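Engineer: Here it is, the structure in full.
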Amino acid sequence: MSTSSPSPMSRRLFLATTGALSLGAALTACGGGDSGGASGAAEPVSQADIDKAMKTPTQLTFWTWVPDIDQEVALFEKKYPAIKVKVVNAGQGVAHYTKLRTALKAGTGAPDLAQIEYQAIPTFTITSSLLNLAPYGASALRERFVDWTWGQVSGPDGEVWAIPQDTGPMGMLYRKDIFDKHGIQVPATWDEFAAAARKLHQADPDVYLTNLAANEPAAWHGLLWQAGAEPYATSGKSTLSISVDDAVSKKLGTYWGGLAKEGVISTDPDFTDGWYAGFNKGKYATWLTAAWGPAFLSGSAKSTTGRWRAAPLPQWDAAKPVSGNWGGSTTAVIKSTKNAIAAAQFAQFLNSDPASTKMFATKQLFFPATKSLLSDAEFTGDTPSFYGGQKVNQVFADISSTVPTSFQWPPFLDQAATDWTETVGKSLADRSDTNAALDTWQSRLTTYAKGQGFTVKGS
């Protein structure tokens, strides 16, 4: 197995991997056509129709921000030479989704397929903008993917709204040298983590056990996910439950807000010059991150090569290992496509074909969503020197199986992210009352949702 460091991940590739948790203007509850769930009973497309469509000269347009995805597309075109795929980078995050919504609203100019992050799927299913892929054979792929990813792309009536492409199960990267110097064991529980944070910062005021970025709602949502929270739940097209200040959320608020108030963790904004410098000069002894983090860090903190290791997140209950997810995306077919069969087959091939999925893992450094690749000895056995020869992929592959399947996203995640940063994130940065900030976040989201036409439960 390789003992060299993984290829450094550029910021462009990093952004393509993680998802930005920002979708621009939200879609309203009444902004769609017929109910997305109504298509759950659609009749299956016959194999004869599929065979015919895949031999009919067709051009598909695919909007994606993934760099160099032409390599994976070429595999599909080789198998189906009658189908050509035009890859268009329409932007990323806000730009991508804004252009897609504009085209959908105008009724013209939308692509056949689009890259959609997991957390963005409800934003488009609520307006019936995505094609249900179940009638096109997608349901048969379910067992190929990690269970929780299928929960992110499927509906209550058997709909399949997208095909998983990559994931971001959360773990902990830590500085073994700093731990060894201060006699810190890898914390198995959050109580042990808090004790280590106090011990380390008291011993060396220039070092913090971790940095919980006050501008990073994605990390908070991942920690909510791990803790078993269910902050959002949508019923039908107009009823929404919002619970971002419930008992589980307050447990996180008390814990992280308390550590921030004590000053034993830092709350520096992430992906800034100061944050990068912090890793290189040893300011942070851990990074609570996702499975894309190891490759990114190896390119961003080269001066610390060999000093890092990976471990699961500390646990609230050590007897029941659980994690959350941060990042990852899917391929969805836009409902307005005139090439539904070919588009549906492309989405399925791109993300389930063994050669294509392996290419995503080795070329774009995406963390896999398929069970087969997560158990592939070549993938899990890699031993990068940046991590002292540890099998880091194996660590995160094991973590991936512990992500709960029930977590849902709201149909206006952009608003949730903005409001979090201005309330909870601000409380962490200011070392003020995080639980009070959670109440404010709940109130703001509830008001917003009602203003968008939702009936809100838990308000």
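Engineer: Using alpha carbons only, how many angstrom separate the centre of segment 200-241 from the centre of segment 292-339?
Structural biologist: If you average the Cα positions of each part, the centres end up 14 Å apart.
Engineer: On full extension of the chain, what length is gained from Lys105 through Thr272, given 0.36 nm per residue of separation minus the C-alpha to C-alpha distance? Can you show the working numbers first?
Structural biologist: On the way: separation 167, 0.36 × 167 = 60.12 nm, distance 3.56 nm.
Length gained between Lys105 and Thr272: 56.6 nm.
Engineer: I've got another one for you. Among (i) 1.80; (ii) 1.18; (iii) 0.97, which is the computed Cα Rg over 2.2 N^0.38 Å?
Structural biologist: (iii)
Engineer: Just grab the label-to-label distance for Lys181 and Asp246, each label 7 Å out from Cα along the Cβ direction, in nm (one decimal).
Structural biologist: Distance between label points: 4.3 nm.
Engineer: While we're here: Keeping every protein chain present and rolling a 1.4 Å probe, give me the accessible area per residue for segment 72-136 in Å². Can you show the working numbers first?
Structural biologist: Details: 2360 Å² over 65 residues.
Result: 36 Å² of accessible area for each residue.
Engineer: Once the Cα atoms of helix 340-352 and of the chain are each reduced to a long axis, what angle between those two axes, in degrees from 0 to 90 to the nearest 10, is obtained?
Structural biologist: Orientation of helix 340-352: about 30 degrees from the principal axis.
Engineer: How many Å² of accessible area per residue for segment 236-306, probe 1.4 Å?
Structural biologist: On the way: 2220 Å² over 71 residues.
Here the residues of segment 236-306 average 31 Å² of exposed surface.
Engineer: Based on the alpha-carbon gyration tensor of segment 218-368 and its eigenvalue square roots a ≥ b ≥ c, which shape applies: rounded if a/c is under 1.5, prolate if not and a/b is larger than b/c, or oblate?
Structural biologist: It is oblate, given that a/c is not under 1.5 and a/b is not larger than b/c.
Engineer: Between segment 153-191 and segment 392-449, what is the separation of their alpha carbon centroids in Å?
Structural biologist: That distance is 15 Å.
Engineer: At 0.36 nm per residue, and after removing the present C-alpha to C-alpha distance, how many nm does the segment from Ala436 to Thr362 gain when stretched out fully?
Structural biologist: Working: separation 74, 0.36 × 74 = 26.64 nm, distance 4.44 nm.
The Ala436-Thr362 span can extend by a further 22.2 nm.
Engineer: May I ask you to give the solvent-accessible area per residue for segment 339-434, in square angstrom, as obtained with a 1.4 angstrom probe?
Structural biologist: Working: 3200 Å² over 96 residues.
Ligands and nucleic acids excluded, the result is 33 Å² per residue.
Engineer: Sticking with this one: List the lysines whose Cα sits under 26 Å from the Cα of Lys79, skipping any in the same chain fewer than 8 residues away.
Structural biologist: Result set, ordered by chain and number: Lys52, Lys55, Lys335, Lys338, Lys358, Lys363, Lys371.
Engineer: Roughly speaking, to the nearest percent, how much of the chain's 1.4 Å accessible area is carbon and sulfur?
Structural biologist: Numbers: 8890 of 17420 Å².
Exposed carbon and sulfur together represent 51 percent of the surface.
The values are calculated or read from the model by the stated rules, or taken from the named source; none is laboratory data. Predicted model only: the values in this text are computed from it and were never measured. When we count neighbours, we look across all protein chains shown, and the Cβ atoms used for this are built from the backbone with ideal geometry, even at glycine. Accessible surface is based on the protein model in full, side chains and every heavy atom, while ligands, DNA and RNA are left aside. Shrake-Rupley method; radii C 1.70, N 1.55, O 1.52, S 1.80 Å.
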